[in-house]
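Structure record follows, encoded as structure tokens.
The values are calculated or read from the model by the stated rules, or taken from the named source; none is laboratory data. Note that the coordinates shown come from a computational prediction; the quantities given were computed from them, not determined experimentally. Here the Cβ is made from the backbone with ideal geometry for all residues, glycine too, and neighbour counts use every protein chain on show.
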Amino acid sequence: MKFLGINGSSRIDGLSYKLLRIAEEEFSILGHQFEVVHLVDYRINYCRGCVSEDMSLCTPEKCYKEHDDFQKVAAKMISSDGIIFSTPVYWYAPSARLWTLIERMTSLENTPRKYLEGKPVGVVAAAGEDGAQSAITNLIVPLIHMGMLVLPFGMTYYSGKEDDPETAVYIKRMVKNMIYAASRLSGYSWWENREVD
Ligand SMILES: Cc1cc2nc3c(=O)[nH]c(=O)nc-3n(C[C@H](O)[C@H](O)[C@H](O)COP(=O)(O)O)c2cc1C
């Protein structure tokens, strides 16, 4: 299977990526692919708020066609079997870079097809000190509303301690649970409450 990590940090080689590298290694040991998207490498414009004007304007195809990489990232998310979002804690919240992506993901939920429904998801965060829980909570609520399957034990964080071994244990558990959920729970529409092809 093919899984995706999304690094919301402005620093490619920071702690947020370090957390994803633990996942990367575990996916590899277990024989699965894991691609990391560093959002800093992509141009993702602010949401234009089309949905508040006319719901039919808010689809992934119509969401900014020019000078914007949202479609590229959306395609990777849609084709993945599960996603780990990793964010630095910026003022007790996820990074604006990642939050901009979350706002743009409205177009993946607003249409009759719920593109992300049932996709297993985990959230990790890197903080210098404090605020990881609130950053993670902020992320999990919209992800649930978008239909994603937030995993049991699907969150963890570094809080000032670069090499907290307990965090690595949580990430490895998250990876195994993501593989399990992706293999056992696909083929069901949680929105329509029925089996799908
Ligand atoms: C704009 C900004 C705001 C920050 N706010 C917080 C914060 O609220 N709480 C905290 O513990 N650390 C805060 N930090 C520190 C970062 O969370 C920490 O350095 C983290 O490792 C950054 O992630 P990175 O290593 O992936 O870049 C902040 C850093 C920046 C740049």
*Taking segment 1-29, which residues are within 20 Å of Val123 (Cα to Cα), more than 16 Å from the ligand (Cβ to nearest atom) and of a type in the set (A, V, I, L, M)?*
Met1, Leu4
*Only one of these is at pLDDT 95 or above and either farther than 22 Å from Met148 by Cβ or touching a strand residue (DSSP E or B) at 6+ places or on another chain (Cβ under 9 Å) (or both): Ile78, Ile29, Ile44. Name it.*
Ile29
*Of all residues in segment 163-197, count the ones that are in a loop (DSSP other than H, G, I, E, B) and of a type in the set (A, V, I, L, M).*
2
*Flag for Arg104 being under 15 Å from Met146 (Cα atoms) and of a type outside the set (A, V, I, L, M)*: yes
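Okay, residues lined up against (1) more than 16 Å from the ligand (Cβ to nearest atom); (2) buried (at least 18 other Cβ atoms within 10 Å of the Cβ):
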position	(1), (2)
Phe85	no, yes
Tyr92	no, no
Ser95	no, yes
Leu98	no, yes
Arg113	yes, no
Gly122	yes, yes
Ile136	no, yes
Val141	yes, no
*If you check every pair at least six apart or on different chains, which have Cβ atoms under 6 Å apart with a residue in segment 124-150 that is assigned to a loop (DSSP other than H, G, I, E, B) first and a residue that is near the ligand (Cβ under 8 Å from one of its atoms) and of a type outside the set (D, E, K, R) second?*
Gly128/Gly160; Glu129/Gly160; Gly131/Val89; Gly131/Tyr92
_Yes/no for Glu103 being of a type in the set (Asp, Glu) and loosely packed, with under 13 Cβ neighbours inside 10 Å_ = no
_Every residue from segment 82-118 that is of a type in the set (Ser, Thr, Tyr) and under 27 Å from Ser186 (Cβ atoms)_ = Ser86, Thr87, Thr106, Ser107, Thr111, Tyr115
